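Just so it is clear, none of the values below were taken in a lab; they were calculated from the coordinates. This structure is a prediction, so every number in the text was calculated from the model and none was measured. Cβ: placed from backbone, ideal geometry, glycine included. Neighbour counts: every protein chain shown.
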């Protein structure tokens, strides 16, 4: 068992270490989670009150809203907009944390398997509760396709239920694997570049090559962070549309 304060140099594999509960009350992960929460809600508050830093930030914000709205109406086929703020918050939260992990000495909480599972499970439970409110007991027809022979009913219901629940795990692992793998690659490249720089002679001459590669990987990770947040949102919206329309 290690202490949360040992090895303050954060790395993507820190989450797999075993810490004492007392030390982890002020751990980097806990502190990061609290800071992230305040920043997200603060950003939404300022956005709601239309307090923006510049015209550029306004343009980006409205483009994001238009993107979420278009995806919402297209994938859910709903005419009401009551649920748009929820999915807007989900997208911003995932996107911000994906990108926040690229800042030195920070931690991307979306690279945590447990936290991702909690977020996905909460959202997945919510959309199913909404589906039950909409359709009552008819909601469970989603597990039994129409025109199914009576002989295969329980067999198909079992596999439909398993595949339906598996969506939570697939979404969790998708986000976890993509974010964590990118950060592990960055950690390896940065560590290699750092050590190469302190090698006298040829090391100080060629360290620029891995440094350029690291820079390009960082740019790629920014794009991946946005893409993963958007893909997650689209899949959640599709599942939400299925619960509302019973597809």
In nm, to one decimal, how far is the residue 181 label point from the residue 213 one, both placed 7 Å along Cα→Cβ?
-> 1.8 nm
Relative to the present Cα-Cα distance, how much length would full extension add between residue 157 and residue 61 at 0.36 nm per residue of separation?
-> 30.2 nm
So residue 226 and residue 89, fully extended at 0.36 nm per residue minus their Cα-Cα distance, gain in nm 47.9 nm
Residue order, fewest to most beta carbons within 10 Å, for 135, 183 = 135, 183
Measuring from label point to label point, each 7 Å out along Cα→Cβ, what is the residue 238 to residue 135 span in nm?
-> 1.8 nm
Sorted from fewest to most neighbouring beta carbons within 10 Å, what does the list 83, 118, 239 look like?
-> 118, 83, 239
